[in-house]
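Encoded as structure tokens, the structure appears first; notes follow it.
The values are calculated or read from the model by the stated rules, or taken from the named source; none is laboratory data. None of these values were measured; they are calculated from a predicted model. All Cβ positions, even for glycine, are placed from backbone atoms using ideal geometry, and neighbour counts span all protein chains on display.
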Ligand code: GLN
């Protein structure tokens, strides 16, 4: 399974390392052919406004939309903002592929990151690092919540999309990478 990590801006190197640790072949994706060659994609955290601008400038916005519509995608933080149907605070264009509404920087300025323990069902716990994270304010009917923090959904799933508002690449636990690899294998089968 070849995982293409969108490497335009943001935390892509840590994702590549995390997926390699989880047993996948991780490749940085910067061009349309990189996107085409990947079996599944990761949209990392970073600064979504900058990513949007660079993707537009590189002519990658439409190729990315097509790739994300067709392949399993794991999106985190800014990546979640790129995929959402609605973005506020401030509003900006998005790919509109996951039926959620997100409010950017919704935990205040959050100069330092917050580390929280999330319950993920069946007694399992997950450590989550939030950095200037968005909050999911609206959930479409086809979106399933896998974990919440302070009552808000922070890990959700819709069809071939897995979306986290936190940074699973920054903690040593590889549970979510493995969960995504299983999901991607299932979608591909
Ligand atoms: N605040 C960033 C944005 O609005 C997201 C932060 C992150 O990805 N850690 O795009």
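Values for this structure:
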| quantity | calculated |
| --- | --- |
| Residues satisfying the stated conditions in the range 8-37, i.e. within 16 Å of the ligand (Cβ to nearest atom), touching a residue at least 24 places away in the same chain (Cβ under 8 Å) and under 24 Å from residue 62 (Cα atoms) | 8, 9, 10, 11, 12, 15 |
| Single match in 69, 106, 128, 80 (criterion: modelled with pLDDT of 95 or more and either out of contact with any strand residue (DSSP E or B) (no Cβ under 8 Å at 6 or more places or on another chain) or assigned to a loop (DSSP other than H, G, I, E, B) (or both)) | 69 |
| Residues of the range 29-46 that turn out to be within 16 Å of the chain's Cα centre (by Cα) and surrounded by fewer than 16 Cβ atoms within 10 Å (Cβ to Cβ), as a count | 0 |
| Of the criteria (1) in contact with a strand residue (DSSP E or B) (Cβ under 8 Å, 6 or more places away or on another chain); (2) more than 18 Å from residue 176 (Cβ to Cβ); (3) at pLDDT 95 or above, which one residue 75 fails | (2) |
| Matching option when the condition is without any contact (Cβ under 8 Å) to a residue 60 or more places away in the chain, under 17 Å from residue 48 (Cβ atoms) and either under 14 Å from the mean Cα position of the chain (by Cα) or surrounded by fewer than 17 Cβ atoms within 10 Å (Cβ to Cβ) (or both), among 137, 144, 148 | 137 |
| Odd one out for residue 52 among (1) away from the ligand (no atom under 16 Å from the Cβ); (2) touching a residue at least 40 places away in the same chain (Cβ under 8 Å); (3) over 14 Å from the mean Cα position of the chain (by Cα); (4) surrounded by 17 or more Cβ atoms within 10 Å (Cβ to Cβ) | (1) |
| Scope the range 80-95; condition under 30 Å from residue 186 (Cα atoms) and out of contact with any helix residue (DSSP H, G or I) (no Cβ under 8 Å at 6 or more places or on another chain); matching residues | 80, 84, 85, 86 |
| Candidate set: the range 73-126, residues that are farther than 29 Å from residue 36 by Cα, more than 14 Å from the ligand (Cβ to nearest atom) and in contact (Cβ under 8 Å) with a residue 24 or more places away in the chain; chosen: the one surrounded by the fewest Cβ atoms within 10 Å (Cβ to Cβ) | 121 |
